[in-house]
Every structure is written in structure tokens, then in C-alpha cells.
Amino acid sequence: MAVLPDFVEALGEGLYTIDTGFERPHFDAAYLIVDSGRAAFVDAGTNHAVPRLLNALHGLGLDNRAVDWVMPTHVHLDHAGGAGLLMQSLPNARLVVHPRGERHMIDPSALIAGATAVYGEAEMARSYGIPVGVDPARITTTIEGMTLSLGKRRLEFIHTPGHARHHHCIWDERARTWFTGDTFGLGYPELVNARGRWVTPTSAPVQFDPEPLKASVNRLLEREPAALCVTHFGRVPHAPHLGPLLLSQIDEMAAIGEGLRHAENRHARLGEAMRAMYTRRLTEHGFSDLERGLALMAMDVEINAQGLASWLDRTS
């Protein structure tokens with residue numbers, strides 16, 4: 001009988017959400033897929049998440065040797081920072097990564113240097129740990145439309161630029177579910193009401209690109225999925241309002257950036273504009289506790305302002 005830890009949620013169809021514990025509860029997810037006694041992880045969180053992922057596996061009565069695949073959606077550290085350490089405990093697993101991310105999984109020194117420059121060594125160690133590399137012989141890179149088997153289940157990969165050029169999404173045909181990483185934005189479970197889940201794009205630096213991101217979102221929706229499993233956070237049942245809500249915000253974020261391209265104090269003004277967008281959008285969705293909603297989005301105001309600035313500088 002399975003005894004799941006309290007940070008694991010069974011979704012049905014052999015799917016499980018694992019709260020990695022990064023930053024706050026219900027902020028950063030990894031997923032476990034189980035079929036016919038075989039298992040795969042989608043995203044891995046940070047090094048600090050690895051014990052949770054292994055405990056989730058063991059709670060289902062599965063051995064480390066049952067894992068065939070570790071599949072980060074992209075190589076940002078909150079998704080793939082723990083992948084190398086996790087692989088050390090999984091003797092039969094292969095890492096499946098977008099080809100643009102392969103070199104960072106083999107040698108994460110550039111990821112470490114970039115994050116350390118932003119956060120400092122102490123915060124890097126506290127929040128992420130130090131990522132470790134993966135043996136190239138244990139890595140599979142994806143091509144558009146590639147499929148892999150997990151037990152009797154078929155998993156398909158499509159390349160989804162827009163959030164990052166090294167991003168792919170994973171289609172679970174049996175559950176009719178996308179594992180979307182950050183392509184389908186953020187959907188915090190606290191931000192749901194009678195109108196359904198509220199979702200919003202993320203423009204985290206440094207490769208945000210609005211037009212490819214919209215194209216990627218539309219590709220996901222073309223499958224008419226039953227659900228989308230976002231890393232931040234959890235299973236989002238597909239509903240008609242989600243596409244227009246997400247796509248219109250991508251356009252609005254791009255317009256915010258263009259309007260402030262040459263502004264003085266640009267970073268501060270981008271942050272102010274993002275906060276104003278969230279205030280209006282949350283109000284339109286019917287949330288009355290705006291203070292709570294804006295507190296949940298405070299980190300995203302800063303991250304999205306940085307990402308918009310990166311996009312503006314790249315396209316100047």
C-alpha cells in the first residue's frame with residue numbers, strides 16, 4: 001500500500017505532484033510519472049529537493065532502479081538544478097534534455113556563475129545548492145516530435161521557445177496532459193476562485209521572446225488537453241478562459257516593455273507597470289483580497305521586470 005509523504009499529491013492516471021520545497025510551499029513542483037512499475041521524473045527542483053523526490057518514489061514502493069527517465073523541461077535552476085545530483089541515485093535513468101541545454105547539464109559551471117553573480121555565494125548555497133554535472137553517456141537530447149516509452153505509456157516532446165530557447169514540453173498521451181515547465185506560465189493554487197484558475201506568463205531572464213511564446217502556448221492548446229501540469233504550481237485543468245488569459249498578458253507585457261524601452265529608471269518603472277497589470281488582472285478575475293494576491297506575485301514582479309529588460313536590450 002502506497003504511503004505518500006504530505007508533500008506529494010496523487011493526480012490519478014499514474015501522475016504525482018511533488019512540492020520541492022523551494023522558496024515556499026506550493027511554489028515549485030516536480031512530477032513523477034509511474035506506469036507498469038517504471039517511473040520518470042519531470043523537472044527536479046534544486047539539490048535540496050532530491051531527498052523529497054526519492055521519498056516520493058519510495059512512498060510508492062518503487063526502488064531507485066525503477067526510474068528510466070529524468071526530464072527537465074529546461075535548465076533553469078529551479079527546474080534542473082537538482083538533476084545531476086538526482087541522477088547519481090538512479091542507476092538506470094537517462095537524462096532527457098533539450099539540445100540547447102545539454103552542455104549545461106554536462107558542465108553546469110556557467111549556470112552556477114550566472115546565479116552566483118545575481119544571488120551571491122551564500123544565497124546560492126542556501127537556495128539551490130551547487131549543481132553537479134551529468135555523464136554525457138547518460139544524456140538523451142530531444143528532437144521535435146520525439147517519443148519515449150515509459151512502461152506502456154508514450155511520452156512526446158515538442159520544442160517550445162519563448163520562455164527559454166532550451167525549453168521543451170512533454171505530452172502524456174494516456175492522461176492527455178502537458179508538462180509545461182514555464183511555457184504555460186504560472187498558476188499558483190492560491191489564485192483560484194469560482195471563475196477558475198488564474199494564470200500569468202513568466203518572462204524570467206534572459207531569453208523571453210513574446211511571439212515565439214504565444215506560438216508555443218497555441219501549440220499546447222491545439223491538443224485540447226485535459227490538463228496542464230505547470231512547475232509553478234501543480235495541475236491546471238484545461239478551461240476555455242486559460243488561453244485568452246495567458247495570451248493577452250503576453251501581449252500586454254510586450255507592450256509594457258516597448259512603452260518603457262527608453263525610459264529613465266527603466267527597471268523600477270517596469271516593476272511598477274507589472275504590479276499595476278497584476279492589480280488590474282486579479283481584479284478582473286474577481287479576487288477581492290488583492291493584498292494577498294500581490295504578495296504572492298511580488299517575486300514575479302521583480303523577475304519579470306528583469307526578463308523584460310533583457311528582451312529589450314537584446315532587441316534594441
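The values are calculated or read from the model by the stated rules, or taken from the named source; none is laboratory data. From a predicted model like this one, the values you see are computed outputs, not experimental measurements. Every residue, glycine as well, gets a Cβ built from its backbone with ideal geometry; the counts of neighbours run over all protein chains shown. Heavy atoms of the whole protein, side chains included, go into the accessibility calculation; ligands, DNA and RNA do not. Shrake-Rupley method; radii C 1.70, N 1.55, O 1.52, S 1.80 Å.
Structure notes:
- Residues satisfying the stated conditions in the range 260-299, i.e. in contact (Cβ under 8 Å) with a residue 12 or more places away in the chain and over 26 Å from ASP78 (Cβ atoms): LEU260, ARG261, GLY286
- Residues within the range 281-292 that are within 17 Å of GLU252 (Cβ to Cβ) and surrounded by 12 or more Cβ atoms within 10 Å (Cβ to Cβ), tallied: 4
- Subset tally (residues that are of a type in the set (Val, Ile, Thr) and within 15 Å of PRO161 (Cβ to Cβ)) for the range 135-149: 2
- Among the residues of the range 151-191, the one identified as over 18 Å from PRO225 (Cβ atoms), surrounded by fewer than 24 Cβ atoms within 10 Å (Cβ to Cβ) and hydrophobic (A, V, I, L, M, F, W, C) is LEU191.
- Matching strands (runs of 3 or more DSSP E) fully within the range 111-198 where at least 1 residues are on the phi > 0 side of the Ramachandran plot: 177-181
- Any hit, the range 55-62, residues being outside any helix (DSSP H, G or I), in contact (Cβ under 8 Å) with a residue 12 or more places away in the chain, open to solvent by 30 Å² or more (accessible area, probe 1.4 Å) and small (Gly, Ala, Ser): yes
- Near pairs, Cβ below 7 angstrom, 6+ apart or cross-chain, from the range 1-23 (in contact (Cβ under 8 Å) with a residue 12 or more places away in the chain and closer than 16 Å to VAL230 by Cα) to any residue that is assigned to a loop (DSSP other than H, G, I, E, B) and open to solvent by 60 Å² or more (accessible area, probe 1.4 Å): ASP19/PRO25; ASP19/HIS26
- Taken over the range 33-48, the criterion of being open to solvent by less than 40 Å² (accessible area, probe 1.4 Å) and closer than 25 Å to LEU111 by Cα is satisfied by ALA40, PHE41, VAL42, ASP43, ALA44, GLY45, THR46, ASN47.
- Hits in the range 185-212 - residues which are under 19 Å from ALA255 (Cβ atoms) and of a type in the set (S, T, N, Q): THR200, THR202, SER203
- Test for GLY101: is it in contact (Cβ under 8 Å) with a residue 24 or more places away in the chain and open to solvent by 10 Å² or more (accessible area, probe 1.4 Å): no
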